1. Of all residues in region A:38-54, count the ones that are within 30 Å of residue B:476 (Cα to Cα) and surrounded by 15 or more Cβ atoms within 10 Å (Cβ to Cβ).
2. List every residue pair whose Cβ atoms sit under 8 Å apart, with the two residues 6 or more apart in sequence or on different chains, where the first one lies in region A:222-242 and is among the hydroxyl-bearing types (Ser, Thr, Tyr) and the second, anywhere, is surrounded by fewer than 17 Cβ atoms within 10 Å (Cβ to Cβ).
3. Kindly list, by first and then second residue, each pair from a residue in region B:472-490 that is closer than 24 Å to residue B:519 by Cβ and away from chain A (no Cβ under 11 Å) to a residue that is surrounded by fewer than 18 Cβ atoms within 10 Å (Cβ to Cβ) and of a type in the set (D, E, K, R), limited to pairs with Cβ atoms under 6 Å and residues at least 6 apart or on different chains.
4. For region A:185-194, what are the residues that are touching a residue at least 12 places away in the same chain (Cβ under 8 Å) and in contact with a helix residue (DSSP H, G or I) (Cβ under 8 Å, 6 or more places away or on another chain)?
5. Across region A:250-279, which residue is surrounded by the fewest Cβ atoms within 10 Å (Cβ to Cβ) among those that are more than 10 Å from chain B (Cβ to nearest Cβ) and part of a strand (DSSP E or B)?
6. Could you check how many residues of region B:356-374 are within 29 Å of residue B:43 (Cβ to Cβ) and part of a loop (DSSP other than H, G, I, E, B)?
7. Checking the conditions here, which among B:422, B:351, B:433 is in the same structural domain as residue B:316 (by TED's automatic domain parsing), under 30 Å from residue B:520 (Cα atoms) and out of contact with any helix residue (DSSP H, G or I) (no Cβ under 6 Å at 6 or more places or on another chain)?
8. Take the residues in region B:301-333 that are among the β-branched types (Val, Ile, Thr) and buried (at least 22 other Cβ atoms within 10 Å of the Cβ); name whichever of them is nearest to residue A:285 (Cα to Cα).
Amino acid sequence: MSSQDIPEENLPAEQDAHGAVGVADDKNPFADPGLPPHEHRVQDIDERAARRSERTVAMLFTVSMLATVGFIASYVGIPHDKSIFVFPIGHINALNFALGLTLGLALFAIGAGAVHWARTLMSDEEVADERHPIEAPPEVRAKVHADFKQGAKESALGRRKLIRNTMFGALALFPLSGVMLLRDLGPLPGTKLRHTMWRKGLQLVNMNTNEPLRPSDVAVGSLTFAKPEGLEEHDEEFQTEIAKAALMIVRIQPDNIKDKRELEWSYEGIVAYSKICTHVGCPISLYEQQTHHVLCPCHQSTFDLSDGARVIFGPAGHALPQLRIGVNDQGYLEALGDFDEPVGPAFWERG
Amino acid sequence: MSTNESSESRARGKAPAGERVADWADGRLGIYSLAKSNMRKIFPDHWSFMLGEVCLYSFIIIILTGVYLTLFFHPSMNEVEYHGSYVPLQGQLMSEAFNSTMHISFDVRGGLLIRQIHHWAALIFLAGMFVHMMRVFFTGAFRKPREVNWLFGFLLFVLGMFTGFTGYSLPDDLLSGTGVRFMEGAILSVPVVGTYLSFFLFGGEFPGGDFVARFYSIHVLLLPGIMLGLLVAHLILVFYHKHTQFAGPGKTNNNVVGMPLLPVYMAKAGGFFFLVFGVIAAIAAIASINPIWSMGPYRPDQVSTGAQPDWYMGFSEGLIRVMPGWEINFWGHTLVLGVFIPLVIFPLVLVAIAVYPFIESWVTGDKREHHILDRPRNAPTRTAFGVAWITWYMVLLIGGGNDLWATHFHLSINAITWFVRVAFFVAPVLAFVATKRICLGLQRRDKDKVLHGRESGIIKRLPHGEFIEVHEPLSQEQLHTLTAHEQYAPAAIGATVDENGVERKVKGAEKLRAKLSEAYYGEESQIPKPTVEEYKEITSGHGHH
């Protein structure tokens with residue numbers, strides 16, 4: 001489209017300048033020159049360009065309709081478990097891919113059409129609107145204050161103090177009922193956080209095989225997770241019990257155990273520690289067999305299992321609790337009691 | 001009577017159906033008065049004004065998709081065995097919550113798409129609010145009369161974080177369960193009442209069998225209900241205050257220049273909703289999010305490496321990761337400072353942002369309404385505070401992902417943690433100083449442009465051989481725009497001795513205010529904008545360059 005095709009009277013120069021340009025003020029060169037003149041778009045002066053815009057908008061809306069048809073076709077036609085390879089994403093669910101893209105296209109095309117319509121065909125002349133102060137004019141303010149005083153006076157709230165005070169009392173007290181009702185949200189903590197399921201004589205059961213552990217099952221350098229005998233996945237309280245009772249077992253050469261009590265509580269170098277981090281309770285799962293360090297993958301607290309599981313790095317505040325273990329008559333590892341301190345994160349009553 | 005007659009005659013005549021419906025509604029709802037002030041309401045145009053719209057639309061998308069998800073989700077922690085179509089998990093024990101999320105993801109056609117749209121929209125909602133708040137902050141749009149709306153927006157951001165967190169925890173998968181455990185550990189650290197709070201929240205010991213159902217009602221009813229109310233109030237205030245605008249020719253503090261709601265903004269904003277929805281749907285089609293099937297159901301004794309919360313919780317994760325593990329034991333009690341201090345700093349970081357408008361208005365003592373936005377460079381101290389805050393936030397995000405930084409960049413995790421510990425204190429200060437310098441530099445450049453004109457890039461050789469670059473004077477529009485900002489003078493402490501020679505006591509607050517004011521608006525903190533005299537002096541003599 002060349003410019004000579006545009007009717008003469010439509011050219012900007014022929015039209016009235018809207019909001020004439022301010023002439024530089026002699027006194028103040030920084031003065032506000034006022035709204036700049038409206039600049040015409042090609043659609044404003046050339047009907048053919050406007051019609052082209054119209055067709056673009058209509059095309060976008062049509063694309064949207066087709067995409068919705070595509071959505072319905074995908075929903076009906078594609079099996080929900082079909083997987084396809086799409087470069088560079090990889091293998092993905094075909095139905096999700098098709099539904100998402102068709103829905104996305106249907107919506108995007110509506111949006112693009114509407115915005116294109118607004119930008120090219122609707123008036124783009126800037127208009128100024130007056131603002132008014134947010135605060136009320138003085139006479140309104142005075143009226144409201146007077147009305148309030150009148151109302152307050154008629155209520156006699158300030159004069160009859162007995163009514164006022166008892167009313168405030170009643171209003172202040174009744175929410176207490178609501179607070180009381182929250183009491184049964186849960187039981188009181190009591191000493192629950194201090195105890196776990198472990199007690200003397202409970203065998204250590206391998207978490208993976210669900211079999212009781214013999215000392216010979218624990219090799220030097222390996223990391224084994226254990227649970228107390230009698231705790232099964234199907235148990236009602238399994239999640240809550242395992243959250244405290246989970247154990248990790250490693251074997252360290254007895255000469256390498258630096259902490260005296262740790263050695264005493266171990267069995268032939270097999271030591272059992274709580275798996276629950278003393279920071280905020282993540283299960284610890286990374287073991288470095290050369291250094292006997294364990295690392296919590298959540299916040300990187302690092303404990304030295306050869307030295308009473310003391311904290312050597314990270315945000316944890318105290319060592320992992322150790323479980324005293326021995327071997328029973330049948331030659332299986334067993335607990336010789338519960339942990340002697342609470343497992344998991346510290347709390348106010350821990351002491 | 002005449003009005004009645006005329007309306008009757010109108011009704012009996014052949015008015016178009018739409019008009020008759022509108023008349024009917026106006027007679028009952030009074031919609032015409034509402035439409036009179038709002039239908040052709042003027043909205044100014046700037047790309048940054050769209051950020052709030054992104055938040056609004058993603059919120060609507062979250063509600064729409066969330067309602068769909070509730071049709072299939074079972075907020076229960078009863079243990080069931082999985083028998084759905086995802087083979088690797090068949091036979092596994094899991095909560096009904098996890099089971100139904102698996103059902104939505106694999107057996108409801110389009111269910112995975114809606115789940116992913118819901119989660120992506122939530123991330124975009126929070127990111128949108130974060131950036132929208134920055135826009136409002138850096139342009140000073142929070143000033144009178146918009147302080148309350150700033151607070152509404154702030155509350156929406158905070159509640160959005162908690163709604164996100166509770167929603168993220170609902171599928172009861174291994175990753176989110178680990179996040180809930182973290183929260184439980186943090187609650188336990190609260191002095192005196194921590195264990196009680198934890199037992200009341202979880203209905204006993206962690207994890208118990210209640211929290212999914214409780215989080216569910218918080219996530220789908222309580223928090224979104226409050227947020228919807230705040231959102232409506234936020235929008236009503238935007239309409240009532242009318243939108244802010246940047247300085248420019250024809251734009252004053254007493255007008256608003258732009259295009260009318262009907263039709264332009266109706267089409268643009270309405271269309272933008274579809275654009276946002278379309279883009280999020282496309283993202284949900286191609287980018288998998290929160291694939292719970294690869295993480296498996298929650299077990300308190302299991303965890304995956306690289307456990308990360310959603311991005312908006314990352315800074316609290318950073319706080320907890322880099323804090324030294326301080327614990328103080330006394331009289332049979334434990335003060336878990338290593339966890340409790342981060343738990344206290346978490347809201348403080350946010351509250352610092354919430355109260356800022358009130359601090360600034362106290363320092364300036366300015367009681368006027370402001371509808372013209374500041375360019376960030378023209379408020380160097382405020383801009384520097386904002387950048388320092390963002391720097392702080394980013395440092396904590398690095399801390400929150402210290403394991404990922406370590407594995408992806410082959411760095412020592414100890415070194416990263418120590419870096420974050422130092423940067424927590426140092427980086428915001430450095431950012432503050434640097435930002436302020438940059439702002440002052442930009443102010444100087446503006447001043448030069450006003451006084452000496454724009455560098456045209458044309459090199460001219462003078463008769464005696466000197467080369468100069470020709471500067472083109474700015475148009476009056478540009479001159480006005482670059483000099484339109486207001487500059488405060490630092491508030492001085494008034495006379496300390498009255499006319500009778502009696503000494504007045506200067507209160508500490510007054511001294512503090514004078515000091516802050518000096519820091520905000522003293523010589524060190526702003527470049528005086530060019531005056532008309534300066535301009536005339538320079539432009540009157542010819543041969544300037």
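The values are calculated or read from the model by the stated rules, or taken from the named source; none is laboratory data. What you are looking at is a predicted structure, and each value in this text was computed from that prediction instead of being measured. So basically every Cβ, Gly included, is an ideal-geometry build from the backbone, and we count neighbours across all protein chains shown.
1. Pass one, region A:38-54, residues within 30 Å of residue B:476 (Cα to Cα): A:38-45.
Add one more test, that the residue is surrounded by 15 or more Cβ atoms within 10 Å (Cβ to Cβ), and what stays is A:38, A:40-45.
Qualifying residue count for the region: 7.
2. Every condition considered, the pairs that remain are A:222/A:289.
3. B:490/B:518
4. Step one: filter region A:185-194 for residues touching a residue at least 12 places away in the same chain (Cβ under 8 Å), giving A:189, A:193-194.
Selection gives A:189, A:193.
5. The residue in question is A:267.
6. Here is the first cut: in region B:356-374, the ones within 29 Å of residue B:43 (Cβ to Cβ) are B:356-358, B:360-361, B:364, B:366-374.
Next, only the ones that are part of a loop (DSSP other than H, G, I, E, B) stay: B:366-371, B:374.
So the count comes out to 7.
7. Exactly one of B:422, B:351, B:433 is in the same structural domain as residue B:316 (by TED's automatic domain parsing), under 30 Å from residue B:520 (Cα atoms) and out of contact with any helix residue (DSSP H, G or I) (no Cβ under 6 Å at 6 or more places or on another chain), namely B:351.
8. B:303
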